[in-house]
Amino acid sequence: MSRFWSSVVRDLSPYVPGEQPKIHDLVKLNTNENPYDPSPHVLAAIAAATDRLRFYPDPGATVLREAIADRYGVATDEVFVGNGSDEVLAHTFQGLLKQDAPLLFPDITYSFYPVYSRLYGIHYEEVPLDAAMKVQIADFRRPCGAILLPNPNAPTGIALPRDAIEALVSEHPDQLVVVDEAYVDFGAESAVPLVARHDNLLVIQTFSKSRALAGLRVGFAIGQRPLIEALERVKDSFNSYPLDCLAIAGGVAAITDEAWFEQTRGRIIASREKLVRDLQGLGFEVVPSMANFVFARHPGHSGAELAAGLRKHGVLVRHFAKPRIGDFLRITVGTEDQCSRLIAVARELV
């Protein structure tokens, strides 16, 4: 601590990202990265863009926004892009979610939400998940300034159907509803088709998971023009060039290579279903997941004990020492070989 710290900094409890280990030959199943390489077209596009590194990138990332708009059937000016979906979320908190009434989001969810709320001085209330760790739309029927809903939720992986999202949006016509769809491509229904008829809906996605570009940092939002304009005003008051030319080129290649996307997504979904069956065969309780991870616990062992045991044998998973979920492990769906190694070690531990 320094005497120069502001009161905001002193009171912050920063987000703690998943470990990026320096240990070789570790099976890394803790940060929900894609186990497969990006499209070869992405690598070629990035290589071809290196001759433009001496120039500033397009501050509007126009070609990327056009590609995203074409992919999702929206107008280009209804797309906002940022340095990963975390930056898009940050601008959303600052530009749209600070209202007189509290912001609502689930009590068990992405832990960056309360961090951003405190950073930007936003009053928030956490809405408890039910006993099955599901979001109940009825529980959000309370006075609020805005609603933030991850779908699928993290760390549970449970997703709501699109009609439930539309019901929530329709019940709050005077409040913004933000749907964080970081994991939507692994089996859930996107809310993007609802944007055209709801001016109070903003949908945020990322290239980090299903597009295998976590290291490039590309995220985006889709919403009606007034919402996108608010994000642009924040962006241009903070950093006019959030995406470099490599990220723009790689992002365009990723969003346009639908065949590679479908192939790798299908492999991950198939591996997830097998992983669920294998874990259940060892006595684990597994929460139904529509993400690229599973959330599981074993009745005979604590989450901390299992996480430590797995790590000792070279398998890294995520454990959250928090109320209600302390016995669970969040396990990224890896390659077939990685999942097999996880199961082999887990069998020894349980």
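In table form, for the structure just shown:
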| quantity | calculated |
| --- | --- |
| Residues satisfying the stated conditions in the range 78-126, i.e. out of contact with any strand residue (DSSP E or B) (no Cβ under 6 Å at 6 or more places or on another chain), farther than 23 Å from His198 by Cβ and acidic (Asp, Glu) | Asp86, Glu87, Glu126 |
| Segments classed as strands (runs of 3 or more DSSP E), wholly inside the range 65-161, with at least 2 members that are under 13 Å from the mean Cα position of the chain (by Cα), at negative phi and hydrophobic (A, V, I, L, M, F, W, C) | 146-150 |
| Hits in the range 323-337 - residues which are hydrophobic (A, V, I, L, M, F, W, C) and either part of a loop (DSSP other than H, G, I, E, B) or touching a Pro at 6+ places or on another chain (Cβ under 9 Å) (or both) | Ile325, Phe328, Val333 |
| Members of the range 162-203 that are under 21 Å from Gln94 (Cα atoms) and within 18 Å of the chain's Cα centre (by Cα) | Val177, Val178, Val179, Asp180, Glu181, Ala182, Leu201, Leu202, Val203 |
| Residue under evaluation Pro17, criteria (1) in a loop (DSSP other than H, G, I, E, B); (2) crowded, with 22+ Cβ neighbours inside 10 Å, criterion not met | (2) |
| Any hit, the range 183-199, residues being outside any strand (DSSP E or B), aromatic (Phe, Trp, Tyr) and within 22 Å of Pro59 (Cβ to Cβ) | no |
| Cross-chain or 6+ apart pairs with Cβ under 7 Å, the range 188-215 first and of a type in the set (Phe, Trp, Tyr), then in a helix (DSSP H, G or I) | Phe207/Gly251; Phe207/Ala254 |
| The range 16-63 - residue that is farther than 25 Å from Asn239 by Cβ and among the hydroxyl-bearing types (Ser, Thr, Tyr) and, of those, farthest from the chain's Cα centre (by Cα) | Ser39 |
| Matching residues, the range 49-64, being assigned to a helix (DSSP H, G or I) and surrounded by fewer than 18 Cβ atoms within 10 Å (Cβ to Cβ) | Thr50, Asp51, Arg52, Thr62, Val63 |
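Matching residues to (1) free of Cβ contacts under 8 Å to residues at least 12 places away in the same chain; (2) outside any helix (DSSP H, G or I); (3) surrounded by fewer than 18 Cβ atoms within 10 Å (Cβ to Cβ); (4) not assigned by TED's automatic domain parsing to the domain that holds Asp70:
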| position | (1), (2), (3), (4) |
| --- | --- |
| Arg233 | no, no, yes, no |
| Ser237 | yes, yes, yes, no |
| Gly250 | no, no, no, no |
| Ala253 | no, no, no, no |
| Val276 | no, no, no, yes |
| Gly309 | no, no, yes, yes |
| Cys339 | no, no, no, yes |
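The values are calculated or read from the model by the stated rules, or taken from the named source; none is laboratory data. As the structure is a computational prediction, the values presented were derived from the model and not from experiment. So basically every Cβ, Gly included, is an ideal-geometry build from the backbone, and we count neighbours across all protein chains shown.
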